[in-house]
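These notes are about the structure you will find just below.
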Amino acid sequence: MADTRKYRSWVEIDLDCFRHNWNEIRRLITPGVKVMQVVKADAYGHGAIEISRAALKNGVFCLGVANADEGIQLRISGIDAPVIILSPATISEVEEIIKYNLIPSVSDLHFACELNRRAAEEGTIVPVHIEVDTGMGRGGTLHHEALCMIETIAGLRNLKVAGVFSHLSLSEWGDDDYNRHQWHLFNLILDSLKKKNIEIPLKHFANSGGILNFPDFNFDLVRPGIMTYGIHPSPLTEKKADLAPVMSFKTTVVLLKEFPAGCSIGYGRSYRTEKPTMIATIPVGYGDGFGFILSNKGEALVKGKRVPVVGRVSMDMCTLDVTDIPECAVGDEVVLMGRQGSEYLSADEIAGKAGTISYEVLCVVGKRAPRVFVNKGEPDAVEPMLRRVFFPHEERSIARIDNIIRSCFQARASSAEVGDAIYYEMFETLFGRENRRLELRKGFKYCIKVRNFSECERRVDEWIGDYFRVSTHVEYTKILRNGVFLIGCALNNEQLSALFEEERCEYRWLLPGRSELFREQDFMVESVRIDNRKVSIISRDTTKRGYEIWCGGEDLKDKIGQEVKVEIEIVTKKYMVSNTFAVYLVYPTRGLEIRFDYAGVPLKNVREASFFAGKHTYPEVISRPGESITLKLNDENWVFPNSGVAFSWEL
């Protein structure tokens, strides 16, 4: 249970309301249409990391951000779902787009060519979405130039046109013909692409207003933003969906003082008491997103009643007239936006008084306040302010981490906030590579089956009697970076090091021995599958780096940039008298199961010695004497690189 009393102010995010709004979206859109959760501007002020996670649990297909920095924040937070940069991407963002597997929006050919060149240098294919300007007059290539540009980009070898989209400028006005005009222009482009046999997987057009007003604008994907947070894009759409506001902005009374008539309150003496008045001071000001323009015109809720803001709103404080609430006391909850009792202060109402729109109210409110996420009526997660701030790109170094820690302590942040702020930064610093983003894996399964060779195999190869036959099933989930990849078998540590330098090497095996004695049947990759789809084996070659098996091809192009399940089946040999078998983890991994199965093989005193780095250094060990030993860590537990287990035995 989160204790909100320790915060000067806080923003409550009701995930039950968020799920309710998602159910309304599902009701409104055509079955089978994918949904992008727009989380730009810190999810409209709601907290991008937790909102993204909640949306993914609700079945969202992808996430929408405004720039590369926002996408990197999600990646560093462990989110692997497709992330699309909705604003036109810039040349300065190319390096991070590739490194962090972000999907840029392309509006001009110069950017596309530079992205293609850099992707070719990295040996990867980058998915892109092309924006078409059908009348918004902002981002995107002009509609009469779009077909030519899409054709050109589709021909670039290291780019994949994954989507094409446009944006409505009047979507909240359902009866305005300009919306239909934009839709018509977009359809003309799609028809032309179809005639030219240019297939683009995702076409998207509808934002929140489009979903509410134009059900025939769905195409393959919709992009709800404001409506997921419970706010209608216009009063005209209020009868079309039952939306529940997700955000509440709260604080407490920190000081009460009674003033006689004729006293001035706040800067500029803009308010003077006309009678004896009880003034409550609250620790919120325009520095917290409570606008200066609300001076002498805003309202708050105390004890379920409306009270006026009196005097100027200053940077860190403002004052309320609570004369009509005699029971008001220091420590009482104050609601600046949201519900208290039967009263409700909406974002639309605040926007009306401030002369702005609800979007801005949500985006700026409570910038210094933690987000308290309410689930099933109870606060069960807190996203402190420090975690929501993205540290700008600099050289990642131990000295930098040390400076962050010291700065946080100097600011007297709590240890929990410090931990949240540096957790993923430390992941990148300790385990990342300078030239590419950190790779995370989930659901690691490694099943080793040790068996004797059959009599038939013995007759064919006399030497096999000195070896066990080892079958290994390897399985994990990750983002697929390359459509063609390598599985390597090294015969010594030098070759193994060389395989580690190869970015496209998906899996590595060490089989010590003399290269002149190595034969292909000593290390056989029987099958490779991506999302249960069998992957072609392109070549098998002996090189300076050992024995290389290259897999993949064009049939994996649609999987690049997506989270996939990788499965590899390997058969190799194991020298009988070596008495050990080791498994190492070289990537940060969440959740694992490693099983050593030796049923039917005369091994004695089989045991394990594990060395795991991470919060949970002792996995669950399940031993079945004479059959198997299994190590397990559930899917919530991270295992750091250089962890592993060694199984040993006696003959």
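Computed quantities for the displayed model
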item: Residue match in the range 54-62 (condition: without any contact (Cβ under 8 Å) to a residue 12 or more places away in the chain and more than 24 Å from Lys559 (Cα to Cα)); result: no
item: Matching option when the condition is more than 18 Å from Ile29 (Cα to Cα) and not assigned by TED's automatic domain parsing to the domain that holds Gly352, among Asn213, Asn197; result: Asn197
item: Qualifying residue in the range 545-561 (condition: in a helix (DSSP H, G or I), basic (Lys, Arg) and at pLDDT below 90); result: yes
item: Any hit, the range 69-82, residues being in contact with a Cys (Cβ under 6 Å, 6 or more places away or on another chain), modelled with pLDDT of 95 or more and either among the charged types (D, E, K, R) or under 26 Å from Asn197 (Cα atoms) (or both); result: yes
item: Condition check for Leu631: more than 28 Å from the chain's Cα centre (by Cα) and either part of a loop (DSSP other than H, G, I, E, B) or closer than 15 Å to Ser643 by Cα (or both); result: yes
item: Elements of type strands (runs of 3 or more DSSP E) in the range 258-338, at least 2 residues being surrounded by 13 or more Cβ atoms within 10 Å (Cβ to Cβ) and of a type in the set (Ser, Thr, Tyr); result: 277-282
item: Every pair of residues 6+ apart whose Cβ atoms lie under 7 Å, when the first sits in the range 484-512 and is in a helix (DSSP H, G or I) and among the polar types (S, T, N, Q) while the second is modelled with pLDDT of 90 or more and surrounded by 21 or more Cβ atoms within 10 Å (Cβ to Cβ); result: Gln495/Arg545; Gln495/Gly546
item: Residue tally, condition under 19 Å from Arg339 (Cβ atoms) and surrounded by fewer than 18 Cβ atoms within 10 Å (Cβ to Cβ), over the range 20-58; result: 1
item: Given (1) surrounded by fewer than 17 Cβ atoms within 10 Å (Cβ to Cβ); (2) in a loop (DSSP other than H, G, I, E, B), number of the condition His181 does not satisfy; result: (2)
item: Residue count for the range 566-618, restricted to those that are outside any loop (DSSP other than H, G, I, E, B), of a type in the set (Phe, Trp, Tyr) and at pLDDT below 90; result: 4
item: Single unsatisfied condition, Glu122 versus (1) surrounded by fewer than 20 Cβ atoms within 10 Å (Cβ to Cβ); (2) under 23 Å from Ile85 (Cβ atoms); (3) touching a helix residue (DSSP H, G or I) at 6+ places or on another chain (Cβ under 6 Å); (4) at pLDDT 95 or above; result: (4)
item: Test: residue in the range 101-113 that is modelled with pLDDT under 95 and within 18 Å of Lys40 (Cα to Cα); result: yes
item: Criterion (farther than 19 Å from His473 by Cα, surrounded by 14 or more Cβ atoms within 10 Å (Cβ to Cβ) and over 30 Å from the mean Cα position of the chain (by Cα)) met by exactly one of Leu517, Leu603; result: Leu603
item: Residues that are buried (at least 20 other Cβ atoms within 10 Å of the Cβ) and closer than 12 Å to Ile25 by Cβ, drawn from the range 227-252; result: Met227, Thr228, Tyr229, Gly230, Leu243
item: Test: residue in the range 104-121 that is over 24 Å from Cys363 (Cα atoms), in contact with an Asp or Glu (Cβ under 6 Å, 6 or more places away or on another chain) and part of a helix (DSSP H, G or I); result: no
item: Verdict on Thr319 being touching a helix residue (DSSP H, G or I) at 6+ places or on another chain (Cβ under 7 Å) and more than 18 Å from Tyr344 (Cβ to Cβ); result: no
item: Some residue of the range 357-364 being in contact with a Ser or Thr (Cβ under 6 Å, 6 or more places away or on another chain) and either surrounded by fewer than 15 Cβ atoms within 10 Å (Cβ to Cβ) or within 19 Å of Gly285 (Cβ to Cβ) (or both); result: no
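The values are calculated or read from the model by the stated rules, or taken from the named source; none is laboratory data. Since this is a predicted model, take the numbers as computed values, not measurements. Note that each Cβ is placed from the backbone with ideal geometry, even for glycine, and that neighbours are counted across all protein chains shown.
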